[in-house]
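Okay, structure first, notes after.
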Amino acid sequence: MSAPARRTEAARSERARSERARSERARSEAALPDQARADTALFQTAIGVCAISWRADAVVGFRLPEADPGAARERLRRADITEAEPTEVIRAAIDGVRAHLAGEPDDLRWIRLDLAGLPDFHRTVYEITRAIDPGHTLSYGQVAERAGLPGAAQAVGQALGRNPIPLIIPCHRVLAADHALHGFSAPGGIGTKARLLEIERTPGFGEPTLF
């Protein structure tokens, strides 16, 4: 490869890295609602420190653990958000999430959510996704069909990529048509997605192989 070609390729790689960093920052900021509108608490689970945000006893945001346990608290500090004491209702939600991640599957559909302000299509996709039981999956295309929009698999993927309440709205249970893992916007990416599916004893994930 010539020197000009190498420089062009290096510039492309740097632009791609910058874009990925901007996307991750945007997802991180979206995952924690503004302090003026919601309270936030961090809590330990079997897979790490999670963050939950709520308003009037309805969950508005959730964040799965990151590789660095201190990252969640640092994000709160940068956003000038002070941790709040969970209400009785939110404490029950936290206990349910903890039990689920410890290997006691729960559909978590009893946790009240506040999806006000989200696009109608996203809310429809989240409603369909939330109806998927632990240990089961749907494809992006199947979710699109149930939403009444066959052929909108890509739009479903985009909506799930902006899911503000992962796990409770179980976007990890939506897979590609070939049952493969093709990206996950939560911290840890597809590794986290695979781990959640394994915890839920989903067929094909975490099962021992013969060779």
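The values are calculated or read from the model by the stated rules, or taken from the named source; none is laboratory data. Since we're looking at a predicted model, the values are computed, not measured. All Cβ positions, even for glycine, are placed from backbone atoms using ideal geometry, and neighbour counts span all protein chains on display. Heavy atoms of the whole protein, side chains included, go into the accessibility calculation; ligands, DNA and RNA do not. Shrake-Rupley method; radii C 1.70, N 1.55, O 1.52, S 1.80 Å.
Entry for the range 42-172 at q = 0.11, 0.13, 0.17 Å⁻¹: log10 I(q)/I(0) = -0.42, -0.58, -0.95, Debye formula applied to identical alpha-carbon scatterers, no solvent contribution. So if I take the centroid of the Cα atoms in the range 124-171 and the same for the range 50-102, what is the distance between those two points in Å? The range 124-171 and the range 50-102 have Cα centres spaced 23 Å from each other. Largest first, the residues GLU83, GLU145 sort by 1.4 Å accessible area into GLU145, GLU83.
Of the accessible area of the range 53-211, with the probe set at 1.4 angstrom, what percent is carbon plus sulfur? On the range 53-211, the fraction of accessible area on carbon and sulfur atoms equals 51 percent. Charge tally around THR87: other residues with Cβ under 12 Å, Lys/Arg +1 each, Asp/Glu -1 each, net -1. For the range 48-74, backbone nitrogen atoms closer than 17 Å to the point 7 Å from ALA92 Cα along Cα-to-C-beta are found at 54-60. Give the residue from LEU138, GLY204, ASN163 lying farthest towards the positive end of the charge dipole for the range 59-205; charges sit on Cβ (+1 for Lys and Arg, -1 for Asp and Glu) and the dipole is referred to the Cα centre. Result: ASN163. In this structure the amide hydrogen of LEU175, modeled in the peptide plane, comes within under 5 Å of the amide hydrogens of LEU138, SER139, TYR140, none closer than 5 places in sequence on its chain. The modelled label-to-label distance for the pair THR82/HIS179, using points 7 Å beyond Cα in the direction of Cβ, is 5.2 nm.
Each label was represented as a point 7 Å from its Cα along the Cα-to-Cβ direction; for ALA67 and GLU127 these points are 3.9 nm apart.
Once all protein chains are placed together, HIS179 keeps about 90 Å² accessible to a 1.4 angstrom probe.
Solvent exposure of the range 96-211 amounts to 50 Å² per residue of accessible area, where only protein heavy atoms count and the probe is 1.4 Å.
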